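Peer 1: Structure in structure tokens, see below.
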Amino acid sequence: MTLPADPTREQAVRRGQWLTWATIAYNSLEAVVAVGAGLLAGSVALVGFGFDSVIELGSSLAGLWRLHADVSPQRRARAERHALRFIGVCFLVLAAYVLVEASRTLLARERPEESIVGVVIAAGSLAVMPVLARAQRRVAARLASGALAAEARQTDICAYLSAILLGGLLLNWILGWWWADPVAALVMVPLIAHEGLEAVRG
């Protein structure tokens with residue numbers, strides 16, 4: 001005899017899928033704009049932020065796979081483990097990239113140009129990401145999913161990175177502190193690496 005599906009759980013899964021698609025759409029736009037603006041301005045923090053958006057796309061796809069596997073407890077458990085580890089690896093790749101690029105920029109004393117587009121995208125993400133993260137946490141709690149909770153933390157981190165990036169860009173723009181950009185990028189590294197290690201360990 002097949003037990004009826006939990007309608008509340010099904011609603012949570014559908015909400016989670018909708019939120020994940022919304023995150024994918026926003027991060028796709030964010031990645032293109034941030035990387036483009038960062039390359040034009042020579043801003044390692046802005047390029048790193050865009051690369052973070054690409055990493056988040058991978059994490060969101062892993063989260064989407066986890067949600068699609070929710071129909072079966074066996075598939076759910078397997079997808080949970082694999083998605084959580086994949087998201088952790090994404091964090092660690094991002095941390096390594098930002099560390100190398102920011103250190104190189106500081107040593108070479110490369111001065112980024114001012115980027116109004118970068119300021120706008122950072123401010124936009126600072127407004128959007130906390131809202132998405134809050135909704136994702138509710139879905140993760142309802143489904144008791146560590147993988148979805150990790151995805152929500154990554155969205156939270158995107159908000160933190162937005163604040164750090166915005167500060168670095170404004171300091172460079174208003175005060176001419178060129179080193180604020182790579183230093184802001186380096187501030188991101190411990191936070192990103194910690195979350196990556198936690199996710200990989202499960």
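Peer 1: If the requirement is being within 17 Å of residue 17 (Cβ to Cβ) and open to solvent by 60 Å² or more (accessible area, probe 1.4 Å), which of these qualifies: 153, 137?
Peer 2: Working: 153 fails: within 17 Å of residue 17 (Cβ to Cβ).
Residue meeting the stated conditions: 137.
Peer 1: What residue, among those in segment 152-194 that are free of Cβ contacts under 8 Å to residues at least 40 places away in the same chain and not in a helix (DSSP H, G or I), is nearest to residue 97 (Cα to Cα)?
Peer 2: Of everything passing the filter in segment 152-194, 177 is nearest to residue 97 (Cα to Cα).
Peer 1: Scan segment 170-202 for residues that are within 23 Å of residue 131 (Cα to Cα) and touching a Gly at 6+ places or on another chain (Cβ under 6 Å) and jot them down.
Peer 2: Result: 196, 199.
The values are calculated or read from the model by the stated rules, or taken from the named source; none is laboratory data. Worth saying up front: this structure is predicted, and the values here are computed from it rather than measured. Glycine also receives a Cβ, built like all others from the backbone with ideal geometry; neighbour counts cover every protein chain displayed. When the accessible area is computed, the model is the full protein with side chains, heavy atoms only, and any ligands, DNA or RNA have been set aside. Shrake-Rupley method; radii C 1.70, N 1.55, O 1.52, S 1.80 Å.
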